[in-house]
Amino acid sequence: MRRLIDSTRPSFYRTIIVMTMVFTVALGSMAQEPDKRHVTPVKPETNQVKPPPKGTDEKIIQQYISGDSAKAVEEARKDSLRRVYYRYPRLTDLTIGLNLAEPLFMAFGQSYASADINATLNMWNRIQPTVELGLGWAKATPDDMNFTYKGKPSPYFKVGANYNFMFKNTPDYQALIGLRLGYSTFGYDVTDAHYVNSYWQEDFTFDITGQRSHALWGEVGAGLKVKLWGPVAMAWMIRYHGIFNYGKNTQSRPWFIPGYGPRNSSLSLSLNICYTLPLHRTATSSDNKPAQP
Amino acid sequence: MRRLPHIVVLALVLTLAACSNDSCYDNGSSLPLATFYINGTHQSIPGLSIMGIGVPGDSLLANNQSLDEAYLPLRASTSSTSYTLWRMFTTATDTVAVRDTITLNYEAVPFFHSAECGAMYNFYIKSVRHTSHGIDSVVLLTTLVTNSRTPALRIHFTDLQQ
C-alpha cells in the first residue's frame with residue numbers, strides 16, 4: 001500500500017498545483033471587473049423626457065420645449081415645493097369688520113351692549129395684528145335688586161393679534177386664536193337705589209351720579225372666519241377675559257365696562273361682518289389656492 | 001419654538017383666571033362686626049343682651065344669649081349710633097345686670113357695590129366711645145365698614161367671675 005502511494009505522489013501534487021492556479025486566476029479576474037456582474041439593465045424609456053405635469057408654470061414648459069430638460073426638471077421640482085408649501089405674501093389682505101354681536105343680543109333683551117369697528121391686517125396668512133375701536137353702553141334695572149345702572153355711551157379700544165392655524169390654506173377660511181389688550185374710560189350713574197335697614201326701620205332712595213372709571217383687561221379667544229360671498233365674510237370668536245386693573249370710586253364700583261361687559265363676567269362673544277381688501281394680486285383669487293400635496 | 005404660542009395662551013388664561021372678582025356677603029349691607037373677648041381670649045359671653053338706643057319698638061339684637069360676635073347695624077340717616085349691652089351676672093345672693101353703652105360716630109356714604117350686591121351705605125367710623133361697667137376696652141380694627149366679614153370692633157369684657 002505504501003508503495004502504491006509513493007508511486008502516485010508526483011502526479012497528485014501536479015494536480016493540486018494546477019487546480020490552485022486555475023482558482024487563483026479566476027478570483028483575480030473577478031476582482032478586476034466587479035461591475036460587470038452587477039449591471040442593471042437599462043430600460044428603453046429612461047432616455048425619454050417626460051412631459052411636465054398639468055399646471056406647470058409656462059416658463060418651465062418653454063424650458064422643456066427648448067431642450068433644457070435638466071434645468072426644467074429642477075425648476076419643476078422647486079415649483080412643486082412652492083405649491084405644496086405655499087407662502088402667502090407678507091401683506092396678504094386687510095379686513096374691515098363690524099362687531100354686531102351684542103347689539104343683536106340687546107334686541108333679545110340683554111341690558112348692555114358694545115359694538116365696534118375693527119381692522120385686521122393679514123400677514124403671510126398667519127399672523128394678524130388687529131385693532132378694535134368701539135362704543136359701549138348699558139341700562140339695567142335687575143328684577144330682584146334695588147338700583148338702576150346707566151352706563152353712558154363710552155369708547156373702548158383693543159389691540160392684539162390673531163394666529164391663523166390654517167395658514168397653508170386659502171385665507172377665505174380661517175381657524176383663529178387671538179389675544180387682545182383692551183382699555184376703556186367711561187362714566188355711569190346709579191339711580192333709584194332703594195335702601196332698607198330693617199332693624200332701624202329706615203327706608204329711602206338715593207342716587208349716585210357722575211361716576212367715572214377706567215379699566216384695563218386682557219382677552220384670549222378662539223374663532224372662525226368663513227367667506228360668505230365675494231369679499232364679504234363672517235367671523236366669530238368666543239373670548240375669555242379678565243380685568244388687570246380698574247378704577248375704584250369711593251362711592252361705587254363699575255358694573256359694566258364698555259368692550260368688556262359686566263365686570264364679573266368671564267366670557268364674551270364677537271360676531272363680525274367683514275369686508276376683505278386684497279393687498280396682493282393673487283391674495284384672494286382662485287389661482288392662489290395651494291395645490292393639495 | 002412650535003410650543004411657544006400654546007405656552008403664551010396658557011399663561012394668559014391662568015393670569016386672567018387669577019383676576020379676582022368681588023363677592024357679596026350676607027344681606028348686601030355694610031354691617032360692623034364686633035367680636036367679643038375676655039382676658040384677651042376670643043370667647044362667648046354668656047347672658048348677653050344687645051339693643052340699639054332709640055330703636056323702634058325697643059327691638060333686641062340679642063336677648064340673654066351666649067355670643068362670641070355680633071353685627072351692630074348703623075343708622076344711615078344719622079351720624080352716630082348707640083348700643084346698650086348688658087350681661088346678667090349671678091352673685092351668691094342675687095342676679096344683677098351689668099350694663100354698658102357703646103357709641104359709634106361715623107359718616108355714612110352711599111355706595112354701589114356690584115350688580116349682585118346692589119346699593120348700600122358704607123360707614124367711615126370716626127370715633128368710638130363706651131362706658132366701663134362691664135367693658136374693659138373697645139378696639140377699632142378698621143375705620144371703613146363695608147360689605148365684608150372683616151371684624152370692625154373688638155370688645156374686651158371684664159371677667160365678672162373675679
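Since every read-out is calculated from the coordinates, none of them should be taken as a lab result. Nothing here was measured: the structure is a model prediction, and the numbers come from that model. Virtual Cβ from ideal backbone geometry, glycine too; neighbours counted across all protein chains shown.
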* Within 10 Å of each Cβ of A:248-260, how many other protein chain Cβ atoms are there on average? -> 3
* Structure fact -> Among B:GLY47, B:THR103, B:MET88, the residue whose Cα sits farthest towards the positive end of the charge dipole of the range B:22-157 (+1 at Cβ of Lys and Arg, -1 at Cβ of Asp and Glu, taken about the Cα centre) is B:THR103
* Could you put B:PHE112, A:PHE23 in order, starting from the residue whose Cβ has the fewest other Cβ atoms within 10 Å? -> A:PHE23, B:PHE112
* To do: Taking the Cα centre of the range B:22-157 as origin, sum charge times position over the Cβ atoms of Lys and Arg (+1) and Asp and Glu (-1), and report the length of that vector in debye to the nearest 20.
  => 260
* Asked: Over 21 Å between Cα atoms, which of A:LYS150/B:LYS126; A:LYS150/A:LYS248; A:LYS168/A:LYS225; A:LYS54/A:LYS227; A:LYS78/A:LYS227; A:LYS168/A:LYS227 qualify?
  -> A:LYS150/B:LYS126; A:LYS54/A:LYS227; A:LYS78/A:LYS227
* Structure fact -> Burial-style ranking of B:47-57, A:148-158, average other-beta-carbon count within 10 Å with highest first, yields A:148-158, B:47-57
* **Charged-residue dipole, Cβ positions (Lys, Arg, Asp, Glu), the range B:48-105 about Cα centre, Debye nearest 20** => 140
* **Calculated from backbone phi, Karplus (6.51, -1.76, 1.60) coupling profile of the range B:140-148 in Hz, x at Gly/Pro** => 8, 8, 8, 8, 10, 9, 10, 7, 8
* With the Cα gyration tensor of the range A:93-288 in hand, convert its eigenvalues to equivalent ellipsoid semi-axes via √(5λ) and list them largest first in whole Å. => 41, 15, 13
* Asked: Considering every residue in B:104-112, what mean count of other chain Cβ atoms within 10 Å of its Cβ is obtained?
  -> 4
* Roughly how many debye, to the nearest 20, is the charge dipole of the range A:93-288 about its Cα centre, given +1 on each Lys and Arg Cβ, -1 on each Asp and Glu Cβ, and no other charges? -> 720
* Asked: Averaged over peptide B:69-75, how many Cβ atoms belonging to another chain are found within 10 Å of each residue's Cβ?
  -> 2
* Beta carbons within 10 angstrom, averaged per residue: use that to sort the peptides B:36-43, A:189-196, highest first. => A:189-196, B:36-43
* Any idea what the relative contact order of the range A:70-162 is, in percent, if you count C-alpha pairs under 8 Å spaced at least 6 apart? -> 22
* Remind me, relative contact order of the range A:158-269 in percent, using alpha carbon pairs under 8 angstrom and six or more residues apart? -> 24
* Asked: Taking only the alpha-carbon positions of the range A:92-193 and ignoring solvent, what does the Debye formula give for the base-10 log of I(q)/I(0) at q = 0.16, 0.21 Å⁻¹?
  -> -0.78, -1.05
